[in-house]
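Peer 1: Please see the structure below; I have some questions.
The values are calculated or read from the model by the stated rules, or taken from the named source; none is laboratory data. What you see is a predicted model, and the numbers here were worked out from it, not measured in a lab. Every residue, glycine among them, receives a Cβ derived from its backbone with ideal geometry; neighbour counts consider all protein chains shown.
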Amino acid sequence: MIQLNPIRSEKVWGYEDWIASTHADGCQSEFKALAGDYPLLVKIIQANDTLSVQVHPDDNDAKRLEGEHERGKTECWYVLSADEGASLVYGLKGNPSKEELLSSSHDGTIENHLDRVEVKKGDFIFIPSGTVHAIGGGLRLLEVQQSCNITYRLYDWGRSREVHIEKGVEVIKNEKKQKIAPLGEEFECEYFKLKKEPLKGGYSFLVSPSGKLPELVFISGGEGTIRATAKDGTKTELSFKAEQIFALLPGEKITLEGKGEVIRIMSN
């Protein structure tokens, strides 16, 4: 077991902390040594202002448009905190044609096609690749995604950053959205699995001994102590607090003691 230290990236709208990454654009060397090319990337996103309207390709489109070694980007968000009335863009209204989306992205009227929804602390949002989205200001999110850094901006609210309208419109798939609701005990998709556990004293589990990749445990709230016993009997003990993340090795027995909430993150 090791604790992972975040890599911060300042943005015009706030910042990102890459808290579990082996991606070349922000690689934690200690995690790379443990996990190799880890297929997931985990971030904390602090949005003080609205992010661009954007979309990510799926695996096939990423390889076709950016190179055969690229992954697509399916992701999800867990709302850690939200200002009153905070909202985000989640998909499109109706089923606009690609021609409509191209012209509206160029002339700024794409806002008319965006499906904006209010969210609150504890909400969970699944963003399949191809889903148009934008995080609104006043939100702090945990993001779990495929290890990919391909973003196609469709619209940037008058800011001067580069946009990628043609590629973005090409990869849009306005489908597979799920109702936004508080995160339940478990969520699973093709690429990752999340398990949320309340911590009310003690919680123990065994990291799958047959797995080849580490499991991650994110402290979404609270504080306490985490202990790991490896297959060879080696013991490690660390304190934890909110928003820390730990990489756990296959076969380790893990015990957390304290109060709060933890989210286990596993690659599929």
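Peer 1: So if I check each of Arg227, Arg264, which one is modelled with pLDDT of 95 or more and either acidic (Asp, Glu) or under 17 Å from the mean Cα position of the chain (by Cα) (or both)?
Peer 2: Arg264
Peer 1: Exactly one condition in (1) at pLDDT below 95; (2) surrounded by fewer than 19 Cβ atoms within 10 Å (Cβ to Cβ) is false for Lys193; which is it?
Peer 2: Exception for Lys193: condition (1).
Peer 1: When the range 66-124 is examined, which residues are found to be part of a helix (DSSP H, G or I) and among the acidic types (Asp, Glu)?
Peer 2: Glu66, Glu99, Glu100, Asp107, Glu111
Peer 1: Take the conditions in the same structural domain as Leu141 (by TED's automatic domain parsing), free of Cβ contacts under 8 Å to residues at least 24 places away in the same chain and either small (Gly, Ala, Ser) or surrounded by 14 or more Cβ atoms within 10 Å (Cβ to Cβ) (or both) and apply them to Lys43. Does it pass?
Peer 2: No: the conditions fail for Lys43.
Peer 1: To continue, here is another question. For the range 64-102, give me each residue that is small (Gly, Ala, Ser), farther than 21 Å from Glu175 by Cα and surrounded by 11 or more Cβ atoms within 10 Å (Cβ to Cβ).
Peer 2: Within the range 64-102, Ser81, Ala82, Ala86 meet the criteria.
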